[in-house]
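Below is one structure; the comments refer to it alone.
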């Protein structure tokens, strides 16, 4: 009986520890949804303005980066929001669930805290169950907060509920996928990377599938992102595609529970590759050591930003063709100076890229804290390496 009460206690502990992070994620996505709704009303006040911009939504670049284009033949503000901006909010919801699941499962094992918890009267599956319930609470809060925010801007309440439920459904899919990845590897960073790679693959498969045929092809349906987009919210609402999300999440979660019992606490199903018996002489300097530790992250971010830049560049011609006839005041709202929309667009994309690079810098420097917290900084600082040199190398 006491073991059965362990899961609710762990759930309360998770929510207590995430009392700042989860509200920040949930309110951030909800506020961004409301912001996009209000911004579209300001940028496109008439039906003709919406019709002008909708022609861009049917370009290959826009379909690849946004969605299958439901409702763009006779566009409304609601349909334009769901087709052009919802995808990025869905990705944010997926990232929230990836980080949440890793934080409460693999990271806890890596830090040795799960072993202490399981030493009590706690079932082997309780930590994973508590993490999944935490994800369920977070996604439910997202549906409520996002629906209220979007409906408060004047959007249809039923459509807003379906849109935000699609966000939550995708989030639960990636919570389950991440739970599965956390059984495979014994490091939190690797589990996060694997789950993020699945998210990137889902984005790419959905984009290619939507380019293959109007409103998506059979290939699109292989991506969980498409299941949320195929609800056709604000155009031809249908709830049944979300059953695919729930079914897939359930199957992945069952797989995670099976694998939990087939590995030791703290270990993964795939053992990490053994390193060299002796370190290279080049790693004797704290800067080269920091560079070696960050090598994977630097390559991953560089490839991701390069791909993003490629797609942003692919938009340029479509932007010029689709928006060239818009009034000057709307061009200014969209980021372009009067008569020079392309320069404004490229400047805005440059700002976006700079924001992403800043995110990498924050994650990179934060690793110093992780290294110190895990005790790996102590052996380095026990040598002739100074604290300033160690930190300076990480920042450099």
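Anything in the stretch 195-208 that is free of Cβ contacts under 8 Å to residues at least 24 places away in the same chain and buried (at least 19 other Cβ atoms within 10 Å of the Cβ)? List them, or say none. Listed by number, the residues that qualify are 202, 206. For the stretch 209-225, filtered to residues that are in contact (Cβ under 8 Å) with a residue 24 or more places away in the chain and in a helix (DSSP H, G or I), the residue that is farthest from residue 167 (Cα to Cα) is 211.
Is it true that some residue in the stretch 117-131 is in contact (Cβ under 8 Å) with a residue 40 or more places away in the chain, under 30 Å from residue 210 (Cβ atoms) and within 18 Å of the chain's Cα centre (by Cα)? No: zero hits. Filtering 204, 150 for residues that are assigned by TED's automatic domain parsing to the domain that holds residue 65, touching a helix residue (DSSP H, G or I) at 6+ places or on another chain (Cβ under 6 Å) and in a helix (DSSP H, G or I) leaves a single hit, 150. Close Cβ contacts (under 8 Å, 6 or more residues apart or on different chains) running from residues in the stretch 6-21 that are in the same structural domain as residue 119 (by TED's automatic domain parsing) to residues that are exposed (fewer than 13 other Cβ atoms within 10 Å of the Cβ) and outside any helix (DSSP H, G or I) comprise 6/120; 6/121. Among the residues of the stretch 236-261, those identified as over 24 Å from the mean Cα position of the chain (by Cα) and without any contact (Cβ under 8 Å) to a residue 60 or more places away in the chain are 238, 258. A single member of 178, 192 is part of a helix (DSSP H, G or I) and modelled with pLDDT under 90, and it is 192.
Quick check: anything in the stretch 134-143 modelled with pLDDT of 95 or more, surrounded by fewer than 20 Cβ atoms within 10 Å (Cβ to Cβ) and within 25 Å of residue 259 (Cα to Cα)? Taking every residue of the stretch 134-143 in turn, at least one turns out to be modelled with pLDDT of 95 or more, surrounded by fewer than 20 Cβ atoms within 10 Å (Cβ to Cβ) and within 25 Å of residue 259 (Cα to Cα). Within the stretch 116-133, identify whether any single residue is out of contact with any strand residue (DSSP E or B) (no Cβ under 7 Å at 6 or more places or on another chain), assigned to a helix (DSSP H, G or I) and more than 21 Å from residue 254 (Cα to Cα), and answer yes or no. Yes; the residues of the stretch 116-133 include at least one that is out of contact with any strand residue (DSSP E or B) (no Cβ under 7 Å at 6 or more places or on another chain), assigned to a helix (DSSP H, G or I) and more than 21 Å from residue 254 (Cα to Cα).
The values are calculated or read from the model by the stated rules, or taken from the named source; none is laboratory data. As the structure is a prediction and not an experimental result, all values here were calculated from the model. Cβ: placed from backbone, ideal geometry, glycine included. Neighbour counts: every protein chain shown.
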